[in-house]
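Reviewing the structure listed below.
The values are calculated or read from the model by the stated rules, or taken from the named source; none is laboratory data. Treat the numbers as computed from the prediction; the structure is a model and nothing was measured. We place every Cβ from the backbone using ideal geometry, glycine too, and count neighbours over all the protein chains shown. The protein model used for the area step is the full one, side chains on, heavy atoms only, and it has no ligands, DNA or RNA in it. Shrake-Rupley method; radii C 1.70, N 1.55, O 1.52, S 1.80 Å.
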Amino acid sequence: MSKIIIAIDGHSSCGKSSTAKKAAANMAYSYIDTGAMYRAVTLYFLQNHVSLSNPKEVEKALENISIEFRINSAGQNQTYLNGLNVEDEIRKLYVANKVSEVSAIAAVRHAMVDQQRKMGKKKGLVMDGRDIGTVVFPEAELKIFMTADPLVRAQRRQIELMEKGEVLDIEEILENIKGRDVIDSTRAESPLKQADDAVVIDTTYMTLDEQVDQVILLADMVV
Ligand code: C5P
């Protein structure tokens, strides 16, 4: 069976990454979490006090950033920034609160998209993000646009964060999710939007397994 590229885009915290990761594992495909890349860049910018309004500082910082993914002994995808495991740090709210602002910078997007295209040279890939089907791989054989009710997304996020020891008010999470949706969808540079040929999956009332089955079913229809 020939391998394809599956592009999964959509709103924040609607289950894209969990679905993409599990579908990729079931299909023996690679998985790339592009949100983790933008989060890692944001963490670097915060740690190094990079001024977002200074293009020279941004360019210089981007030259000093190396992002890679490694699989740990438990088989989990881990994000590395300049050789350090930052998987837990990039999921924290202080990074989430800044990531959409950083992701809206054209130079940041160009650097990330270049890397993502290189990662996708070999087919048999599930990549999730905001602009995968529209900008990174407009030729992807399967494009999915995921969404869900904002409150349900916030509740899921709250549980995820709680499992990692970060106890947060639902209102604070909801505000972050809605805020990111607005910035991501309205930015000038590759805004989040549904590709014309994308299949929409609303995960409000779906379980993770149902979401994964749906993606695999759609992929089977393509190959
Ligand atoms: O997917 P995740 O919620 O981890 O993404 C974090 C943020 O990174 C998004 O809110 C968005 O601002 C940015 N992002 C992006 N383009 C992508 C993936 C993520 O702008 N392809």
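General remarks:
- Neighbours by Cβ (under 8 Å, 6+ apart or cross-chain): first from region 199-220, among the small types (Gly, Ala, Ser); second assigned to a helix (DSSP H, G or I): Ala219/Ala23; Ala219/Met27
- Considering the conditions (1) in a helix (DSSP H, G or I); (2) within 13 Å of the ligand (Cβ to nearest atom), Gln155 is excluded by exactly one of them, (2).
- Scanning region 100-115 for residues that are more than 16 Å from Asn54 (Cβ to Cβ), out of contact with any Gly (no Cβ under 8 Å at 6 or more places or on another chain) and within 10 Å of the ligand (Cβ to nearest atom) yields a count of 4.
- Number of the exception - Glu175 against (1) within 16 Å of the ligand (Cβ to nearest atom); (2) out of contact with any strand residue (DSSP E or B) (no Cβ under 8 Å at 6 or more places or on another chain); (3) outside any helix (DSSP H, G or I); (4) open to solvent by 80 Å² or more (accessible area, probe 1.4 Å): (3)
- In this structure, Arg91 does not qualify as within 13 Å of the ligand (Cβ to nearest atom), open to solvent by less than 20 Å² (accessible area, probe 1.4 Å) and within 24 Å of Asn48 (Cβ to Cβ).
- Among residues of region 192-219 being within 17 Å of Met127 (Cα to Cα) and part of a loop (DSSP other than H, G, I, E, B), the one that is nearest to the chain's Cα centre (by Cα) is Leu192.
- Meets criteria (part of a helix (DSSP H, G or I) and away from the ligand (no atom under 12 Å from the Cβ)) for Asn26: yes
- Count of residues meeting criterion [at pLDDT below 95 and hydroxyl-bearing (Ser, Thr, Tyr)] in region 116-154: 0
- Of the strands (runs of 3 or more DSSP E) entirely within region 30-84, those holding at least 1 residues that are polar (S, T, N, Q) and under 18 Å from the mean Cα position of the chain (by Cα) occupy 30-33, 77-81.
- Criterion applied to Ala140, Ala148, Ala74 was being away from the ligand (no atom under 12 Å from the Cβ), aliphatic (A, V, I, L, M), open to solvent by 50 Å² or more (accessible area, probe 1.4 Å) and within 29 Å of Thr207 (Cβ to Cβ), and the one residue passing it is Ala74.
- Enumeration of residues in region 29-44 that are more than 16 Å from Lys122 (Cα to Cα), hydroxyl-bearing (Ser, Thr, Tyr) and more than 10 Å from the ligand (Cβ to nearest atom): Tyr44
- Scope region 6-23; condition assigned to a strand (DSSP E or B) and surrounded by fewer than 23 Cβ atoms within 10 Å (Cβ to Cβ); matching residues: none
- Any chance Met119 is within 13 Å of the ligand (Cβ to nearest atom), crowded, with 18+ Cβ neighbours inside 10 Å and under 30 Å from Tyr44 (Cβ atoms): no
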